[in-house]
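*Asks:* Here it is, the structure in full.
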Amino acid sequence: MTVRVRFAPSPTGSLHIGGARTALFNWLFARQNNGSFVLRLEDTDLERHLIEAEKGITASLRWLGLDWDEGPEVGGLFGPYRQSERINLYRTEAQRLLNSEMAYLCYCTSEELAAMRQEARQKGLAPRYNGKCRHLDQAARQKKEADGLLPVIRLKTPQEGSTIVNDLIRGEVSFDNDTLDDFIIMKSNGIPTYNFACVVDDSLMQINYVIRAEEHLSNTPKQILLYQALGYNLPFFAHVPMILAPDRSKLSKRHGATAVEEFRLQGFLPEAIVNYLALLGWSPGDEREKIPLSEIIKLFSLNAISKSAAIYDLKKLTWLNAQYLNSLPLERIVAEAIPFFQKLGLIPAQEEHIDYAYVAKVVETVRTRIHTLVELAEAATYFFRADFNYEEKGVRKFFSLSGAAEILAHGREALAKTEPFDLPTVEAAYRSLSHALGIASSKLIHPTRLALTGKTFGPGLFDIMVTLGKTKCLERLDRAVNWIKNNLG
């Protein structure tokens, strides 16, 4: 049996990490089993559907590297892959249920439904439809329609017994049928409800594994009843655990970024996000945290998915991102960093005017100490601008000391004579100078760092020097010497 899985988002907003994790688990399962990963857009919520959201979801999936074998922009044998383009299929299947008396027309008004809910509450029962239209005869239906009432279509659900969900993660889960009312499958406007469209699509698209979030478990008994009524084969179900905030509350914006696009704009790498999402509810069986995607594909198993809720940990994601920033090929990080440098105005917007060799040197120098591409660009600012201010604490600790200007002037003289201007030679020149001046290396290094960068911390000083180049180093040392003389006497 060829594995066929799907990710079926509703394009009403951004792709959040919960949806991205669901898409990833489906994609991993398909890739591991040489199966097909199908993207289907459930866009029948006409009031909330947004074209921009649809574009954002597909763009986020592509950015994460989750390519689909069938779906929008790709096509396939079982399209169309937008529910709004499949309405006639749902109406045909709904009519089949009506013809077989597995479903019926319901004309109850919103006032009548409200009265039913109120009556149930007064009796201490869960609000549910009481089956009022279940046994209407032809004459009664004709009268309702003559009164201008547009019917919905409801499935006849069993009144006794239970419906069993055999879940690959949670095991057997039983639902009493008397808690399931005759639920609506087609609205009065001819649009299918979620459960009905989902079942029709999954069956006609030959989806045989439904891997989705735990929140959909309550929908599954209704969907199983639909599969049975329509004569469809049941797929295998697997419901993955929820993602909760650190305080175990529902994850929301107050806990930080939750949408894939937000993470992208904050300078996270797709490799880090995919790695992190894979570990939200799944374990490779050991303590590793940084795992390349190729290995995740080999190791992934539905049996290794936890039943317990996964806890969202932004610190762990940020740490992972730093690991990838430091370990991926330099040219890859440079390409990712360019837009962030441009946003700060550090490099030209036109590609042909960018000094890529210099940018690469800067990235290589800075990337070991930062966590995101935003931090990378901010930490690299002094490599592109010389008009920075000196940190006040640095001025107090290093520039205010007696003889600071003279020490920097000596440093400037030593660097001017240094050839070649590479890491070993520059470091040797500065070590020799501190020895000649009879001072600790730190007495020379710290004020020089402040002079060249305006900061008291950062990459190694000699790495900074070589990256900046001799000319910029000399100019900045001259600037610092003059600043000290003009401002500190």
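The values are calculated or read from the model by the stated rules, or taken from the named source; none is laboratory data. The shown structure was predicted, so the numbers you read here are calculated from the model rather than taken from an experiment. Cβ: placed from backbone, ideal geometry, glycine included. Neighbour counts: every protein chain shown. Side chains are part of the model used for accessible areas, which takes the heavy atoms of the whole protein and leaves out ligands, DNA and RNA. Shrake-Rupley method; radii C 1.70, N 1.55, O 1.52, S 1.80 Å.
*Asks:* Take R170 and decide whether it is touching a residue at least 60 places away in the same chain (Cβ under 8 Å) and within 22 Å of M205 (Cβ to Cβ).
*Replies:* no
*Asks:* Before we move on, is K222 surrounded by fewer than 17 Cβ atoms within 10 Å (Cβ to Cβ), under 25 Å from P80 (Cα atoms) and among the charged types (D, E, K, R)?
*Replies:* Judged against the criteria, K222 is not a match.
*Asks:* Cβ-Cβ below 8 Å, separation at least six or inter-chain, first residue in the stretch 176-196 and at negative phi and free of Cβ contacts under 8 Å to residues at least 40 places away in the same chain, second of a type in the set (A, V, I, L, M) and in a loop (DSSP other than H, G, I, E, B): which pairs?
*Replies:* What qualifies is S188/L150; N189/L150.
*Asks:* Out of A335, A349, A377, I need the residue that is out of contact with any Asp or Glu (no Cβ under 7 Å at 6 or more places or on another chain) and in a loop (DSSP other than H, G, I, E, B). Which one?
*Replies:* A349
*Asks:* Could you list, in sequence order, the residues of the stretch 439-448 that are in a helix (DSSP H, G or I) and free of Cβ contacts under 8 Å to residues at least 24 places away in the same chain?
*Replies:* Passing the criteria: S441, S442, I445.
*Asks:* Taking K250 and the conditions (1) free of Cβ contacts under 8 Å to residues at least 24 places away in the same chain; (2) within 16 Å of G19 (Cα to Cα); (3) surrounded by 15 or more Cβ atoms within 10 Å (Cβ to Cβ), which numbered condition does it fall short on, given that it satisfies the others?
*Replies:* The failed condition is (3).
*Asks:* Name the pairs: first residue in the stretch 465-481 and among the basic types (K, R), second residue part of a helix (DSSP H, G or I), Cβ to Cβ under 7 Å, at least 6 apart or on different chains?
*Replies:* K470/L415; R476/A451; R476/L452
*Asks:* Being surrounded by 14 or more Cβ atoms within 10 Å (Cβ to Cβ), farther than 27 Å from K55 by Cβ, among the acidic types (D, E) and modelled with pLDDT under 95 narrows it down to one residue among D286, D313; which is it?
*Replies:* D313
*Asks:* Got a number for residues in the stretch 356-378 being open to solvent by 30 Å² or more (accessible area, probe 1.4 Å) and at pLDDT 95 or above?
*Replies:* Within the stretch 356-378, residues that are open to solvent by 30 Å² or more (accessible area, probe 1.4 Å) and at pLDDT 95 or above number 9.
*Asks:* A further question on this structure: Could you check A380 against (1) without any contact (Cβ under 8 Å) to a residue 60 or more places away in the chain; (2) touching a Ser or Thr at 6+ places or on another chain (Cβ under 9 Å); (3) more than 17 Å from P339 (Cα to Cα); (4) not basic (K, R) and say which number it fails?
*Replies:* Status for A380: all satisfied but (3).
*Asks:* Can you find, within the stretch 229-245, the residue that is most open to solvent (accessible area, probe 1.4 Å) among those that are touching a strand residue (DSSP E or B) at 6+ places or on another chain (Cβ under 9 Å) and closer than 22 Å to R154 by Cβ?
*Replies:* Only one residue tops the list, namely L234.
*Asks:* Moving to a separate point now. Hey, among K187, K144, which residue is over 30 Å from W282 (Cβ atoms), open to solvent by 70 Å² or more (accessible area, probe 1.4 Å) and of a type in the set (K, R)?
*Replies:* Residue meeting the stated conditions: K187.
*Asks:* Which of the following residues is modelled with pLDDT under 90, acidic (D, E) and either within 28 Å of E42 (Cβ to Cβ) or open to solvent by 80 Å² or more (accessible area, probe 1.4 Å) (or both): D182, D202, D178?
*Replies:* Answer to the check: D178.
*Asks:* Select, from E112, E119, the only residue that is modelled with pLDDT under 95, under 15 Å from P151 (Cβ atoms) and in a helix (DSSP H, G or I).
*Replies:* Just a single option satisfies the conditions, and that option is E112.
*Asks:* Residue under question is A436, and the condition is that it be over 24 Å from A357 (Cβ atoms), open to solvent by 50 Å² or more (accessible area, probe 1.4 Å), of a type in the set (A, V, I, L, M, F, W, C) and without any contact (Cβ under 8 Å) to a residue 60 or more places away in the chain; does it hold?
*Replies:* Yes, satisfied.
Residue-wise test of (1) touching a Leu at 6+ places or on another chain (Cβ under 7 Å); (2) more than 25 Å from A229 (Cβ to Cβ).
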{"site": "H16", "(1), (2)": "no, yes"}
{"site": "Q32", "(1), (2)": "no, yes"}
{"site": "V38", "(1), (2)": "no, no"}
{"site": "Y81", "(1), (2)": "yes, no"}
{"site": "I87", "(1), (2)": "no, no"}
{"site": "E93", "(1), (2)": "yes, no"}
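*Asks:* Out of E111, E101, E93, E73, which single residue is closer than 30 Å to T258 by Cβ and of a type in the set (D, E)?
*Replies:* The conditions single out E73.
*Asks:* Is at least one residue of the stretch 348-365 in contact (Cβ under 8 Å) with a residue 40 or more places away in the chain, under 14 Å from T467 (Cβ atoms) and more than 40 Å from the chain's Cα centre (by Cα)?
*Replies:* Looking through the stretch 348-365, none of the residues is in contact (Cβ under 8 Å) with a residue 40 or more places away in the chain, under 14 Å from T467 (Cβ atoms) and more than 40 Å from the chain's Cα centre (by Cα).
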